[in-house]
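Enquirer: Can you keep this structure in mind? I'll have questions shortly.
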Number of protein chains: 2
Amino acid sequence: MIDCGESAQLQFRKCKLKFSRLNHIFISHLHGDHCFGLPGLISSLNLLGRTAELHIHAPHELEGLLTPWLNFFCHQMTFEVIFHPFDTKQPQLIYEDRSLTVTTIPLKHRMPSCGFLFAEKQRPAHIIREMIDRYNIPLYEINRIKNGADYQTPDGECIPNAQLTIPANPIRRYAYCSDTLPLASVAEQVKGVNLLFHEATFADDGEGRARETYHTTARQAAKLAKDAGVKKLLIGHFSARYDDEQVLLTEAKSIFEHTQLAREINFYSVD
Amino acid sequence: MIDCGESAQLQFRKCKLKFSRLNHIFISHLHGDHCFGLPGLISSLNLLGRTAELHIHAPHELEGLLTPWLNFFCHQMTFEVIFHPFDTKQPQLIYEDRSLTVTTIPLKHRMPSCGFLFAEKQRPAHIIREMIDRYNIPLYEINRIKNGADYQTPDGECIPNAQLTIPANPIRRYAYCSDTLPLASVAEQVKGVNLLFHEATFADDGEGRARETYHTTARQAAKLAKDAGVKKLLIGHFSARYDDEQVLLTEAKSIFEHTQLAREINFYSVD
């Protein structure tokens with residue numbers, strides 16, 4: 001989960017996602033609309049009898065703020081909440097498993113703020129089934145071949161790797177950037193990602209206000225997406241002043257065609 | 001506002017109530033579903049530029065829990081939040097203005113918990129317009145007569161008050177009781193109220209569970225309403241186990257006919 005505003009647990013349920021699959025929460029910055037849902041979410045997980053650790057990656061002040069609440073409101077915790085504070089000043093690898101890394105993206109807001117870059121790890125190539133049969137490749141060679149080795153047959157023939165495998169799917173990357181001024185350093189860090197979520201709090205008419213409040217306009221987000229050569233842009237975090245968010249979409253699309261509005265209870269593919 | 005669970009500010013907006021008319025919040029007890037909406041609500045009031053004081057009546061621990069959050073998340077507060085801790089052990093007058101009093105109703109839950117009794121004050125009688133004209137009653141006598149005095153005419157005739165006035169509307173009282181075991185002391189304190197909200201977390205099938213978790217069944221709430229001779233009962237705080245809350249209503253109505261289910265975003269008259 002990335003950020004956890006008030007009611008996040010309700011939205012989570014509405015999306016029919018499973019709480020049991022939620023293990024890591026990434027909090028971009030400590031404004032209420034990005035973290036006030038944590039006490040309720042954690043209480044609910046506790047009522048559900050969760051036992052797995054819950055990891056919260058956030059600016060360091062969160063632990064001191066949340067811990068007294070958890071001690072008071074969830075004193076018979078069935079699981080452990082583990083805080084992982086991160087530095088908001090430079091990109092930092094904050095999560096890694098066998099298929100994914102998460103790196104912070106330093107942002108510029110009224111308080112320390114980071115986005116997050118989710119990158120799949122390159123997977124081994126797929127071995128071609130028929131080649132295994134044709135050359136009678138023993139099982140113990142398979143992993144070596146998947147990872148790039150050629151195959152030496154018992155009679156000394158060398159079958160080049162390229163004949164034996166097809167490349168793995170290209171890795172996918174998703175970047176989340178909110179709240180922030182538009183930054184060239186972000187464009188640099190998210191270059192070519194499959195999907196960029198970027199805040200677009202204001203339309204052109206709010207450009208001054210965006211600058212004052214350290215936010216981004218839809219047009220600026222689109223410009224950033226274009227500079228970064230991302231595949232798709234998803235804009236969100238709209239100011240309540242826009243009853244109709246189409247104006248934001250129109251302005252963004254005038255710069256970067258592959259833009260969508262982030263709507264609640266919706267799924268967007270990273271492909 | 002009575003209690004302020006997560007998303008209360010959203011529900012408040014949906015009801016089209018005005019934030020500017022919200023001046024007092026009464027928190028029954030410090031479980032998350034009754035107070036986790038406070039940080040978000042207060043932050044929103046701050047963003048709206050509220051200047052009027054906000055009064056929070058709650059068990060005393062709330063101030064220590066909420067203050068660090070307000071200091072961190074709302075450090076440029078445009079208004080003051082004033083905490084009024086109350087003792088949960090005995091009925092206590094915690095609010096009074098010229099038309100209303102609020103008194104705590106001690107409850108029995110897993111932690112200190114109080115309900116609230118809202119009682120209108122008796123208003124002065126209405127003076128009968130034609131009597132003013134007939135006896136030429138001077139302006140300075142009006143308030144005395146409204147408050148029960150007879151009128152002495154210049155020629156010494158005494159006009160009894162009953163001829164000059166009609167009684168004010170009877171006062172209305174509303175009692176809110178959640179979360180709690182059913183208590184005879186509550187029935188005593190809410191005798192004859194116009195509207196009683198009482199929690200009914202479980203149906204008959206959850207009677208054991210209700211006792212274990214210090215909650216009330218729909219039937220017990222109805223029994224209490226009947227014993228107290230209230231005019232109407234509103235049951236709520238239903239366990240999520242009941243997809244269809246009709247079972248709760250049916251069981252309650254079998255004991256006390258004038259029962260309704262408390263539904264979200266709905267208005268119920270105290271008359």
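Just so it is clear, none of the values below were taken in a lab; they were calculated from the coordinates. No experiment lies behind these values; they were computed from the predicted model shown. Please note: Cβ atoms are built from the backbone with ideal geometry, for glycine as well, and neighbour counts cover all protein chains shown.
Enquirer: Using a Gaussian network for chain B with springs between C-alpha atoms less than 10 Å apart, which of these wobbles most: B:A210, B:A222, B:A200?
Expert: In this elastic network of chain B, the residue with the biggest mean-square fluctuation among B:A210, B:A222, B:A200 is B:A210.
Enquirer: Moving on. From the backbone phi of the range B:53-68, what are the Karplus-calculated ³J(HN,Hα) couplings (6.51 cos²θ - 1.76 cosθ + 1.60, θ = phi - 60°) in whole Hz, Gly and Pro given as x?
Expert: Using θ = phi - 60°, the values come out as 4, 10, 9, 10, 9, 7, x, 5, 5, 4, 4, x, 7, 7, 4, x Hz.
Enquirer: Further, regarding this structure: What does the extension gain come out to for B:S185 and B:K121, with contour length at 0.36 nm per residue minus their alpha carbon separation?
Expert: 20.8 nm
Enquirer: Comparing B:L65, B:L54, B:L224, which has the greatest mean-square fluctuation in the GNM of chain B with Cα pairs linked when under 10 Å apart?
Expert: Fluctuation is largest for B:L65.
Enquirer: Can I ask one more? Between B:E141 and A:A240, what FRET efficiency follows from the Cβ-Cβ distance if R0 is 51 Å, with the result rounded to 0.05?
Expert: 0.40
Enquirer: If amide H atoms are built 1.01 Å from N in the plane of the peptide, which residues on other chains or at least 5 residues away come under 5 Å of the amide H of A:I128?
Expert: A:T165, A:I166
Enquirer: Which cross-chain or sequence-distant (5 or more) residues have an amide H under 5 Å from the amide H of A:V230, H modelled 1.01 Å from N in plane?
Expert: A:G192
Enquirer: Something else about it: With a/c under 1.5 counting as rounded, go ahead and sort the range B:126-166 into rounded, prolate or oblate using the C-alpha gyration tensor (a ≥ b ≥ c being the square roots of the eigenvalues; past the cut-off, prolate if a/b is larger than b/c, else oblate).
Expert: It is rounded, given that a/c, with a ≥ b ≥ c, falls under 1.5.
Enquirer: Oh, and also: Once phi is turned into θ = phi - 60°, what whole-Hz ³J(HN,Hα) does the Karplus curve with 6.51, -1.76 and 1.60 give for every residue of the range B:223-238, x standing for Gly and Pro?
Expert: Computed from phi, the couplings for the range B:223-238 are 4, 5, 4, 5, 4, 7, x, 6, 7, 9, 10, 10, 9, x, 6, 6 Hz.
Enquirer: A further question on this structure: One decimal, nm, shortest first: give the distances between the label point of B:H126 and those of the same position in the other copies, each label point 7 Å from Cα along Cα→Cβ.
Expert: Sorted ascending, the copy-to-copy spacings read 8.3 nm.
Enquirer: Continuing with this model, one more query. Given a Förster distance of 51 angstrom, what is the FRET efficiency for B:N169 paired with B:K108, based on the Cβ-Cβ distance and rounded to 0.05?
Expert: 0.90
Enquirer: What order do you get for B:Y151, A:Y140, B:Y95 when you list them from fewest to most C-beta neighbours inside 10 Å?
Expert: Going from sparsest to densest Cβ surroundings: A:Y140, B:Y95, B:Y151.
Enquirer: What shape does the range A:29-105 have by the C-alpha gyration tensor, where a ≥ b ≥ c are the square roots of the eigenvalues, rounded means a/c under 1.5, and otherwise prolate means a/b greater than b/c and oblate the rest?
Expert: Cα axes put the range A:29-105 in the oblate bin.
Enquirer: Which GluC sites (Glu not before Pro) does the range A:154-224 hold that lie in a coil by DSSP with at most 11 other beta carbons within 10 Å?
Expert: Passing sites in the range A:154-224 are A:E157.
Enquirer: Residue-wise, which Karplus ³J(HN,Hα) couplings in Hz belong to the range A:22-30, taking 6.51 cos²θ - 1.76 cosθ + 1.60, θ = phi - 60°, and x for glycine or proline?
Expert: Running phi through 6.51 cos²θ - 1.76 cosθ + 1.60 with θ = phi - 60° gives 8, 10, 10, 10, 10, 9, 6, 6, 9 Hz.
Enquirer: On to the next question. Distance from a point 7 Å along Cα→Cβ of A:Q152 to each backbone N in the range A:111-142: keep the residues under 18 Å and list them by number.
Expert: A:135-142
Enquirer: While we're here: For chain B, what is the calculated [θ] at 222 nm in deg cm²/dmol (nearest 500), taking -39500 (n - 2.57) for each run of four or more DSSP H residues and dividing by its residue count?
Expert: -8000 deg cm²/dmol
Enquirer: Past 20 Å, Cα to Cα: identify those pairs from B:K121/B:K191; B:K231/B:K253; B:K191/B:K231; A:K121/A:K231; A:K146/A:K231, in the order given.
Expert: A:K146/A:K231
Enquirer: Sort chain A into rounded, prolate or oblate with this rule: let a ≥ b ≥ c be the square roots of the eigenvalues of the Cα gyration tensor; rounded if a/c is under 1.5, and if a/c is not under 1.5, prolate when a/b is larger than b/c, oblate otherwise.
Expert: Oblate.
Enquirer: Mind listing the long-range amide H neighbours of A:Q92? Cut-off is under 5 Å, sequence gap 5 or more, other chains count too, H placed in the peptide plane at 1.01 Å from N.
Expert: A:T104
Enquirer: How far is helix A:38-47 tilted, in degrees, relative to the longest principal axis of the Cα atoms in chain A, given as a value from 0 to 90 rounded to the nearest 10?
Expert: Long axis of A:38-47 versus the principal axis of chain A: about 60 degrees.
Enquirer: In the range A:41-89, which GluC sites (Glu not before Pro) are in a loop and have at most 12 other Cβ atoms within 10 Å, using DSSP for the loop call?
Expert: Sparse-neighbourhood loop GluC sites (Glu not before Pro): A:E53, A:E80.
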